[in-house]
There are 4 protein chains.
Amino acid sequence: MTNTEIISSVKDERLIEKRRKQMIQGAITLFKKKGFHKTTTREIAKESGFSIGTLYEYIRTKEDVLFLVVDAIYGEVQSRLTTMVNLEEPSLEHLMTIIESYFRVVDDMQEEIIIMYQEVKSLKKPTQEYVLQKERDMVDMLKRVILTCAPNVHKEDADLLANNIFVQGHMWGFRRWALQKQFTLEDYIKRQLTYIKSVITHL
Amino acid sequence: MTNTEIISSVKDERLIEKRRKQMIQGAITLFKKKGFHKTTTREIAKESGFSIGTLYEYIRTKEDVLFLVVDAIYGEVQSRLTTMVNLEEPSLEHLMTIIESYFRVVDDMQEEIIIMYQEVKSLKKPTQEYVLQKERDMVDMLKRVILTCAPNVHKEDADLLANNIFVQGHMWGFRRWALQKQFTLEDYIKRQLTYIKSVITHL
Amino acid sequence: MTNTEIISSVKDERLIEKRRKQMIQGAITLFKKKGFHKTTTREIAKESGFSIGTLYEYIRTKEDVLFLVVDAIYGEVQSRLTTMVNLEEPSLEHLMTIIESYFRVVDDMQEEIIIMYQEVKSLKKPTQEYVLQKERDMVDMLKRVILTCAPNVHKEDADLLANNIFVQGHMWGFRRWALQKQFTLEDYIKRQLTYIKSVITHL
Amino acid sequence: MTNTEIISSVKDERLIEKRRKQMIQGAITLFKKKGFHKTTTREIAKESGFSIGTLYEYIRTKEDVLFLVVDAIYGEVQSRLTTMVNLEEPSLEHLMTIIESYFRVVDDMQEEIIIMYQEVKSLKKPTQEYVLQKERDMVDMLKRVILTCAPNVHKEDADLLANNIFVQGHMWGFRRWALQKQFTLEDYIKRQLTYIKSVITHL
DNA sequence: GATGAATGAGCATTCATTCAT
DNA sequence: GATGAATGAATGCTCATTCAT
């Protein structure tokens, strides 16, 4: 399953990409405000700048839009994450830098990530599977970085810590009403990094 | 806002409570399977064991059901959490015991908690506020326990750690497809407790 | 497959029957004018005297309406046909009387029969099968009457003649623009009976 | 109304004819399978081997396609019928031969004829009129052959018999699920001819 | 002449909510 | 208090037709 498995009746690949970008943009805007279910296809079309008929030239069902959105969001997170993970010299400091970058990325994409938490289960099983695989990939990436930078950490711990870090990133977003009143992003990052470093050091 | 603010046209308080219990039970069953939006009021009525007309004698709108459910779930978590937090002798060990109990509670209520993550934003603002307050209370409770059992911890750290623990509990549920394949609940708890203890000890 | 296999969400059997009668009546009126495809469900609801929502309390899909209509029409033809076929004294004359009655029945239901010719293939295969079976039953009935009243006729001829008669009845309706300008019903019947008698006599 | 009254924005007559042939061919294929209403213009274009835009260069509305198809079908039947009706020596035998040929033609065009039965009423009134006229012409042709070959037959009987024969031909197609299981074409023709001859002889 | 992307009116169907019994 | 039939606004989706390239 990939982006291109969503069937479009339009042939011009370039145009498909362009229109879908508009669509994803428009849909994200709306999903942030009202969620997937309360957003109508007409609203998506309008927000995307074209008619309902045109919308359906590029997708088959409303769920396709959700998939496109979810795919785009994780694609973005993943690509940003990937670029920062080319380890020059593995070291605890380097690990900390990467985690920090990760926290900054998810801060930047807070609302998109909240969409993921709320809407993924609205996708059909196979599509959900595809999305979860993407998550797994990201956590795996973190895990590998941990193992490389802190070779003393056991595999299982690396795994669980990667999950913890992954979720602590999201948490900054989905608990922002609690956290962002008390902490600045800098502060949040500093403290979480301290805890993580402490854990890893004393394992 | 409280449970009793949902207006019912029925007078008999005892009956209201009975019917609502049925309703909440039925709704939770359905929400677990299909989510709030894909569950119809008819289905809720049927699952609850009465007619659609009767359902509407005890609520005003479909959203009321969601509120009742959400309220019941957090009420349950909170009450279970509260009973275990009567500190006899504050100590790090005692803290660990409490956190462990918390993890067991949320393990027990995994699916209910997933409902919370997915559906809370479907509530209207004031209702959301009410729910978030309940969350705040719970995190506060954890925070106070931390401060009592580990007096050396700074307030801010206690706060953030309480949030971390709170979410790590939920995470066991909402990332179960990733975690529960690799870890048993025992294992999960043991490791997370180790990390937490390590952090607190070295702060 | 029978009338009762169309699922209704209403429980009161008496009411179902009443509403469906209204519905069939309304639908037939519209199908005569515009055919099945050009008739909207809203029009059917309106013509039947209730709202679109109510319509859907008594059927599942638009095709159900068509089935109900088709079933009702053939049910009517068949029942009228059946009542006239209790052979007292088998004789050629008696056969002629029965055929005459048949011609009068289909004259009376011309437009309904035209609906059958045009819309049956819009039904799904199993439903079509059910309808064709009803046709087979009717032709069989005619065949048996022929064999009883004209024992010298071979089975195969009885079969084909029954089909001929069956279709000649319909033809009076679906070719009315050609036939009914030139012949009165009396005349039409008289001539066709003459031909049939002639054929049977000389077989 | 004739074929050429369907307005095309293309000038080249040769091209128009070529494209329309493709179109009719494609449309018939589809109408056989799904009927007129369930066939989309896009499908017709595709099946015809050109784009939807091109389709609309050669017709004005979807109904035009139906007209073209209906016109082509009756044109074909009529032309085939006409070629076989140049009476050398009028005789009852000759009449039988012609009727036999007619039965063979309609056997060959069964499915096309079924389209006629089902879709003609979807045409607008004037177009229907045009089609019915073609039918009238064909029946008239049969009538004239009858009168020529069997001069003793009264006009009215010739008329009705022509109608009977005309419909008995179609019936072989539209009741094929009943007839073609029991009779071969040869058998069907033989028996029907026997009946007809019998009727004509004893009138 | 050919193409196919764009359009939006139109349709079947659903479902929260009401209210007479 | 309980029931369930009735309602109709709302929604996802289709498809004939147009028109710029």
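Computed from the coordinates by the stated procedures, all read-outs in this text should not be read as laboratory data. The structure displayed is predicted, hence computed values, not measured ones. For neighbour counting, all protein chains shown are included, and Cβ atoms are generated from backbone atoms with ideal geometry for every residue, glycine included.
Just a few scattered comments:
- Top positive-direction residue, dipole computed over the protein assembly as shown with Cβ charges, set C:148, B:68, B:201: B:68
- Using the Cβ of residue D:35 as centre and a radius below 11 Å, the other residues enclosed give a net charge of +3, where K and R count +1 and D and E count -1.
- Inter-copy label distances at residue B:86, shortest first and taken from points set 7 Å along Cα to Cβ: 6.2, 8.7, 11.5 nm.
- Placing +1 on the Cβ of every Lys and Arg and -1 on the Cβ of every Asp and Glu, with nothing else charged, gives segment B:72-203 a dipole about its Cα centre of roughly 400 debye.
- Across the identical copies, how the residue C:148 labels are spaced - nm, sorted shortest first, 7 Å along Cα→Cβ: 4.6, 9.3, 9.5
- Sites matching trypsin sites (Lys or Arg not before Pro) across segment A:1-65 that sit in DSSP coil, with at most 13 neighbouring C-beta atoms within 10 Å: A:11, A:38, A:60
- Cα-based values for the protein assembly as shown, radius of gyration first and Dmax second, are 38.9, 124 Å.
- Applying both filters, DSSP loop and at most 16 other Cβ atoms within 10 Å, to the trypsin sites (Lys or Arg not before Pro) of segment A:80-165 gives A:124.
- Here segment B:63-124 and segment C:70-106 have alpha carbon centers that stand 75 Å from each other.
- Relative contact order [Cα under 8 Å, 6+ residues apart], segment D:1-159, whole percent: 24 percent
- For B:151-158, mean number of other protein chain Cβ atoms within 10 Å: 1
- For the residue pairs A:46/D:125; A:34/C:125; B:143/B:181, alpha carbon separations beyond 32 Å are given by A:46/D:125; A:34/C:125.
- Remark: segment B:64-72, residue by residue, has Karplus-estimated 3J(HN,Hα) of 4, 4, 4, 4, 4, 5, 4, 4, 5 Hz, where x stands for each Gly or Pro and the curve is 6.51 cos²θ - 1.76 cosθ + 1.60 at θ = phi - 60°.
- Phi angles across segment C:143-154 convert, under the Karplus curve 6.51 cos²θ - 1.76 cosθ + 1.60 with θ = phi - 60°, into 3J(HN,Hα) values of 4, 4, 4, 4, 4, 6, 7, 10, x, 6, 6, 5 Hz, Gly and Pro given as x.
- Computed P(r) (all Cα pairs; segment A:3-201; 5 Å bins; percent): 1, 7, 15, 17, 16, 14, 11, 8, 6, 3, 1, 0
- Shown for residue C:129: label points 7 Å from Cα along the beta-carbon vector, and their distances to the equivalent points in the other copies, 3.3, 4.5, 6.2 nm in ascending order.
- The phi-based Karplus calculation (6.51 cos²θ - 1.76 cosθ + 1.60; θ = phi - 60°) puts the 3J(HN,Hα) values of segment C:95-106 at 4, 4, 4, 5, 4, 4, 4, 4, 4, 6, 4, 5 Hz, whole numbers, x for Gly and Pro.
- Size of charge dipole - segment C:1-154 - debye, nearest 20, with Cβ of Lys, Arg +1 and Asp, Glu -1, no other charges: 780 debye
- Among residues of chain B, the one whose beta-carbon sits closest to the B-to-D rotation axis is listed with its distance in Å as B:38, 15.
- Mean residue ellipticity, 222 nm, helices only, the protein assembly as shown: the sum of -39500 (n - 2.57) across DSSP H runs of n ≥ 4, divided by residue count and rounded to 500, is -25500 deg cm²/dmol.
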